[in-house]
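Chemist: Please see the structure below; I have some questions.
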Amino acid sequence: TRSTRPQRLLKAVQKNATRGDPQSVISAIDHFCRHSEWAMNIGDEKGTILDSVVNELNPEKVLELGTYCGYSTVRIARLLPPGARLITLEFNGDYAAIARQVITWAGLEDRVQLVEGASEDWIPRMKEHFGIETFDLVFLDHWKDRYLPDTKLMEDCGLLRKGTVLLADNVICPGVPDYLQYVRNSLSYKSCYFKSHLEYTKAEDGLEKSVFLG
Ligand SMILES: C[S@@+](CC[C@H](N)C(=O)[O-])C[C@H]1O[C@@H](n2cnc3c(N)ncnc32)[C@H](O)[C@@H]1O
Ligand SMILES: O=C(c1ccccc1)c1ccc(O)c(O)c1[N+](=O)[O-]
Ligand SMILES: [Mg+2]
């Protein structure tokens with residue numbers, strides 16, 4: 001039977017990237033998505049914005065909602081100090097299996113905890129299961145109708161502290177109007193928009209960075 005796109009993406013990583021070299025994994029995936037098959041990774045252009053936010057924050061505890069093949073996981077984890085931790089949630093088992101191999105190929109498995117499950121089920125369990133009090137950075141990149149409910153859930157679970165940064169992908173394309181309206185009008189957030197393009201295309205897209213004010 002025909003392979004899946006994530007399986008073909010993993011093959012491209014194993015063929016073209018060097019084990020233990022995160023940058024070569026990132027480049028191999030970007031080349032595959034530009035020249036072989038588009039895939040819904042954050043990509044190189046928006047990825048550079050993600051990198052700058054991570055470098056500015058130097059976060060100890062990061063939560064990623066939506067792993068897919070692990071491209072953004074590798075982008076974030078490669079910038080973290082060894083003691084820092086990135087927890088990434090993915091409820092599609094096939095995608096999770098590919099992502100584990102991509103993350104391991106990059107040599108970053110020690111900094112990443114990939115949890116196979118739904119954000120709504122695992123956000124309430126961060127304290128008792130992972131001993132996490134609050135996150136320094138949350139990267140939202142899962143199904144777009146979940147951004148707002150999961151943000152409210154994180155607030156209710158006390159996972160956000162003064163200064164926690166929410167970075168949301170795709171606020172223009174496919175778009176997250178209800179989430180944008182919330183973070184831009186709530187007195188609990190200071191928000192700003194980073195204009196860019198939908199990964200590997202000329203369509204407009206961007207990231208919204210929202211700082212929780214407590
Ligand atoms: C756009 S892809 C993630 C791309 C990845 N962040 C990157 O930039 O490389 C979205 C992923 O979120 C997963 N997903 C969607 N809703 C979810 C949820 N509620 N909980 C966990 N995973 C979810 C999907 O299965 C899919 O793999
Ligand atoms: O929703 C899509 C989508 C819709 C239709 C076809 C393919 C993808 C998408 C597009 C770009 C993204 O960066 C992204 O995160 C997603 N997503 O699924 O979460
Ligand atoms: Mg996205």
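Chemist: Round to a whole angstrom and tell me the spacing of the C-alpha centers of the range 15-80 and the range 81-127.
Modeler: That distance is 14 Å.
Chemist: When the Karplus curve 6.51 cos²θ - 1.76 cosθ + 1.60 is applied with θ = phi - 60°, which whole-Hz ³J(HN,Hα) does each residue of the range 55-68 get, with x for Gly and Pro?
Modeler: Running phi through 6.51 cos²θ - 1.76 cosθ + 1.60 with θ = phi - 60° gives 5, 5, 8, 6, x, 8, 10, 10, 10, 10, 9, x, 8, 6 Hz.
Chemist: Report the one residue of Leu86, Ser119, Ile76 whose Cα lies farthest in the direction of the positive end of the charge dipole of the range 71-152 (charges on C-beta: Lys and Arg +1, Asp and Glu -1; origin at the Cα centre).
Modeler: Ile76
Chemist: Still on this structure, please answer the following. Find which of Trp105, Leu159, Tyr193 sits farthest along the positive direction of the dipole of the chain, computed with +1 on the beta-carbon of Lys and Arg, -1 on that of Asp and Glu, about the Cα centre.
Modeler: Trp105
Chemist: In degrees between 0 and 90, to the nearest 10, how far off the longest principal axis of the chain does helix 5-16 point, with axes built from Cα atoms?
Modeler: The helix 5-16 is inclined about 60 degrees to the chain.
Chemist: A follow-up question, please. Please sort by residue number the GluC sites (Glu not before Pro) in the range 40-141 whose DSSP state is loop and whose Cβ has at most 11 other Cβ atoms within 10 Å. Numbers along the way, then the final one.
Modeler: Details: sites: Glu45, Glu56, Glu60, Glu64, Glu90, Glu109, Glu116, Glu120, Glu128, Glu133; in loops: Glu60, Glu109, Glu133.
Answer by residue number: Glu133.
Chemist: Can you put Cys33, Cys192, Cys157 in order of Cβ neighbours within 10 angstrom, beginning with the fewest? Display every interim value, and only then the final one.
Modeler: On the way: Cys33 21, Cys192 10, Cys157 15.
Taking fewest neighbouring Cβ atoms as first place, the list is Cys192, Cys157, Cys33.
Chemist: Can you give me the distance in nm between label points at Lys152 and Glu120, each placed 7 Å from the Cα along the Cα-to-Cβ direction?
Modeler: About 1.1 nm, to one decimal.
Chemist: In addition: To the nearest 10 degrees, how steeply does helix 147-156 sit against the main Cα axis of the chain, on a 0 to 90 scale?
Modeler: The angle comes out near 50 degrees.
Chemist: Taking the range 63-105, which chymotrypsin sites (Phe, Trp or Tyr not before Pro) meet the DSSP loop condition and have no more than 11 other C-beta atoms within 10 Å? Working shown, then result.
Modeler: Numbers: sites: Tyr68, Tyr71, Phe91, Tyr95, Trp105; in loops: Tyr68, Phe91.
Taking the range 63-105 and a limit of 11 other Cβ atoms within 10 Å, no loop chymotrypsin sites (Phe, Trp or Tyr not before Pro) are found.
Chemist: Name the longest site-free stretch of the chain, where the excluded sites are trypsin sites (Lys or Arg not before Pro) in a DSSP loop with no more than 15 other beta-carbon atoms within 10 Å. Please list the in-between numbers first.
Modeler: Numbers: sites that count: Arg2, Arg19, Lys202.
Segment 20-201 is the longest.
Chemist: List Asp150, Asp156, Asp44 from most exposed to least, where exposure is judged by having the fewest other Cβ atoms within 10 Å.
Modeler: Numbers: Asp150 23, Asp156 11, Asp44 18.
The most exposed by this proxy come first: Asp156, Asp44, Asp150.
Chemist: Report the Cα-based extents of the chain along its three principal axes, largest first, to the nearest Å.
Modeler: Rounded to whole Å, the extents work out to 48, 39, 34 Å.
Where a number appears in this text, it was derived from the coordinates with a stated rule and is not lab data. Everything numeric in this text was worked out from a predicted model, so none of it was measured. Every residue, glycine among them, receives a Cβ derived from its backbone with ideal geometry; neighbour counts consider all protein chains shown.
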